[in-house]
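A short worksheet on the structure shown next.
The values are calculated or read from the model by the stated rules, or taken from the named source; none is laboratory data. A quick note: this is a predicted structure, and the numbers were derived from the prediction, not measured. Please note: Cβ atoms are built from the backbone with ideal geometry, for glycine as well, and neighbour counts cover all protein chains shown. Side chains included, ligands, DNA and RNA excluded: accessible areas come from the protein's heavy atoms. Shrake-Rupley method; radii C 1.70, N 1.55, O 1.52, S 1.80 Å.
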Amino acid sequence: MNNQEKIINNLNDLLTKNYDAEKGYIFAAEKVSNTDLKGFLETRAKARYDFGHVLKDQITKLGGEPDKGPSIEGRLHRAWIGLKDIFTEGDHAIYEECVRGEETFVEEYEDFLKDREHLPETIVLILQQQLTEGRKALAEVKALEAFTK
């Protein structure tokens, strides 16, 4: 696999994870009662939608075929959140999943950017911007903890 194919595969992986997160945030927003958390979830769903479109454009520009939708793992995770919500404190359980999801997002983007010398500068800038937004979202969701208990 050449470098460009590796970049396309990695971008498709991030794209699928953004699809999963978008769907997860939409699903979770329907489950919570706290309006601040609901607003956060709706905003993050829109952001992940936007991130996905930017990534799709870059994959296409590199000559790749963007993945088409969420993963099986993402669908299973949403089902798990639904079950967890039934058996626990609903808003707080979803809050915890949001924190975990944003932490994972930050880690995955940081890992991808470790190989930045092999990435086109445009992609580095896009991923850095999305990573910065992910870090802000993580701080924002952590600030909501007291409202979810």
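When 97, 140 are checked against the criterion of being modelled with pLDDT of 90 or more and assigned to a helix (DSSP H, G or I), 140 stands alone in meeting it. Considering only residues in the range 47-68 that are hydrophobic (A, V, I, L, M, F, W, C) and free of Cβ contacts under 8 Å to residues at least 60 places away in the same chain, the one that is least open to solvent (accessible area, probe 1.4 Å) turns out to be 59.
Of all positions in the range 66-79, at least one carries a residue that is at pLDDT below 95 and more than 22 Å from residue 12 (Cβ to Cβ).
Going by the conditions given, is residue 41 more than 23 Å from residue 146 (Cβ to Cβ) and either more than 12 Å from the chain's Cα centre (by Cα) or in a helix (DSSP H, G or I) (or both)? No; evaluated as a whole, the condition is false for this residue. For the residues 22, 42, 102, the requirement of being touching a Pro at 6+ places or on another chain (Cβ under 9 Å), modelled with pLDDT of 90 or more and either on the phi < 0 side of the Ramachandran plot or open to solvent by 40 Å² or more (accessible area, probe 1.4 Å) (or both) singles out 22.
Here residue 116 meets each of (1) modelled with pLDDT under 95; (2) open to solvent by less than 70 Å² (accessible area, probe 1.4 Å); (3) in contact with a helix residue (DSSP H, G or I) (Cβ under 6 Å, 6 or more places away or on another chain) with one exception, condition (2).
Just one of the numbered conditions (1) modelled with pLDDT under 95; (2) open to solvent by 40 Å² or more (accessible area, probe 1.4 Å); (3) closer than 29 Å to residue 39 by Cα; (4) not charged (D, E, K, R) is not true of residue 125: (1). The lone criterion from (1) in a helix (DSSP H, G or I); (2) modelled with pLDDT under 85; (3) within 27 Å of residue 125 (Cβ to Cβ); (4) not small (Gly, Ala, Ser) left unmet by residue 9 is number (2).
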